[in-house]
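For reference, the structure discussed in these notes is given below.
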Amino acid sequence: MLPSSTVENYLKAIHHGQSSLPKGQRLLPMGHVAAALSVTPGTATTMVKALAESGLVEYEPYTGVRLTKAGDKLAALVLRRHRLVELFLVQVMGMSWDEVHDDAEQLEHVVSDRLIDRIDEMLGRPTHDPHGDPIPSADGAIAPLPLDNLLTCPTGTSLKVTRITDQDPAFLRFVESNNLKPGQRIEVEARDTAADAVRLRRANRKPLTIGARAASKLLVEIDRGK
Ligand SMILES: [Zn+2]
């Protein structure tokens, strides 16, 4: 029997990989799975075959892998535990949003359903974690991703930051110190493709220019509040 944390990490990695597949591509290449988990392709293949036998993934040799409905639900429940734990550590334990990810990576495999339900209730059934990632419901449903990041959104329009897709502590500290956390309001003033830079306008702060790579990790929606 495989340890459940290994199974859960594979399901999570496949779930993440699938969400960034180009439109029309159904199966996630095995090379992607191996790289995401830092294992050899042979190890990844052995593991994925075992997951296929358990009915958690569909596996096609030499083509790739995809979660079944059962695998998708399990992955969503791991993400639910991870994100509720992160929010708990920030809101209740007073930890900073840039230091909770690693602890959540451990705790997501061990907290019981009963405990996670209590946390959910205690936090008022939140919809998003501190990084703006949606918290799946107890039956495994996940809200869709916002579509735009700071490279693709309209310019000269008031925006609200909704989600930070890179949880590297240094990047999160950069985001926080520049008032770019989820919920904060900004506007893209201009994009300079030659310099690979995006110029931002923020309320009560000086304009800020950030690189295209950083801009691609900040998801936004049009600000419909006043
Ligand atoms: Zn996290």
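The values are calculated or read from the model by the stated rules, or taken from the named source; none is laboratory data. Treat the numbers as computed from the prediction; the structure is a model and nothing was measured. Neighbour counts are summed over all protein chains in view; Cβ atoms, including those assigned to glycine, are modelled from backbone coordinates with ideal geometry. Just so you know, the surface numbers come from the protein's heavy atoms only, side chains and all, with ligands and any DNA or RNA stripped out. Shrake-Rupley method; radii C 1.70, N 1.55, O 1.52, S 1.80 Å.
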One residue from Gly140, Gly183 being under 26 Å from Ser5 (Cβ atoms), among the small types (Gly, Ala, Ser), more than 16 Å from the ligand (Cβ to nearest atom) and open to solvent by less than 50 Å² (accessible area, probe 1.4 Å): Gly140
Wholly enclosed helices (runs of 4 or more DSSP H) of the range 1-58 bearing at least 2 residues within 15 Å of Lys69 (Cα to Cα) and of a type in the set (D, E, K, R): 4-19
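I'm checking my understanding of the structure. Among residues of the range 107-128 that are of a type outside the set (Asp, Glu), more than 11 Å from the ligand (Cβ to nearest atom) and part of a helix (DSSP H, G or I), which one is farthest from Arg81 (Cα to Cα)? Working first, answer last.
Of all residues in the range 107-128, those of a type outside the set (Asp, Glu) come to 107, 109-112, 114-116, 118-119, 122-128.
The next check asks that each one be more than 11 Å from the ligand (Cβ to nearest atom); those that pass are 109-112, 114-116, 118-119, 122-128.
Among the residues that remain, those that are also part of a helix (DSSP H, G or I) are: 114-116, 118-119, 122.
Working: Arg114: 11, Leu115: 10, Ile116: 7, Arg118: 12, Ile119: 10, Met122: 14 Å.
The extreme case among them is Met122.
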Checklist (1) crowded, with 23+ Cβ neighbours inside 10 Å; (2) within 12 Å of the ligand (Cβ to nearest atom) applied to Ala75, failing item: (2)
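Determine whether the range 64-76 contains at least one residue that is small (Gly, Ala, Ser), closer than 23 Å to Ala138 by Cβ, touching a His at 6+ places or on another chain (Cβ under 7 Å) and assigned to a helix (DSSP H, G or I). Explain how you work it out, then say what you get.
Narrowing the range 64-76 to residues small (Gly, Ala, Ser): 64, 70-71, 75-76.
Within this subset, residues satisfying the condition of being closer than 23 Å to Ala138 by Cβ are 70-71, 75-76.
Those still in the list that are touching a His at 6+ places or on another chain (Cβ under 7 Å) too: 75.
Applying the additional criterion that residues be assigned to a helix (DSSP H, G or I) yields 75.
There is at least one residue in the range 64-76 that is small (Gly, Ala, Ser), closer than 23 Å to Ala138 by Cβ, touching a His at 6+ places or on another chain (Cβ under 7 Å) and assigned to a helix (DSSP H, G or I).
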Meets criteria (surrounded by fewer than 17 Cβ atoms within 10 Å (Cβ to Cβ), assigned to a loop (DSSP other than H, G, I, E, B) and within 11 Å of the ligand (Cβ to nearest atom)) for Glu99: yes
Given (1) open to solvent by less than 60 Å² (accessible area, probe 1.4 Å); (2) touching a residue at least 60 places away in the same chain (Cβ under 8 Å), number of the condition Ala190 does not satisfy: (2)
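Can you find a residue in the range 156-167 that is over 15 Å from the mean Cα position of the chain (by Cα) and part of a strand (DSSP E or B)? Lay out the reasoning, then the answer.
Just the residues of the range 156-167 that are over 15 Å from the mean Cα position of the chain (by Cα), to begin with: 156-160.
If we keep only those that are part of a strand (DSSP E or B) as well, we get 159-160.
Yes, that holds for at least one residue.
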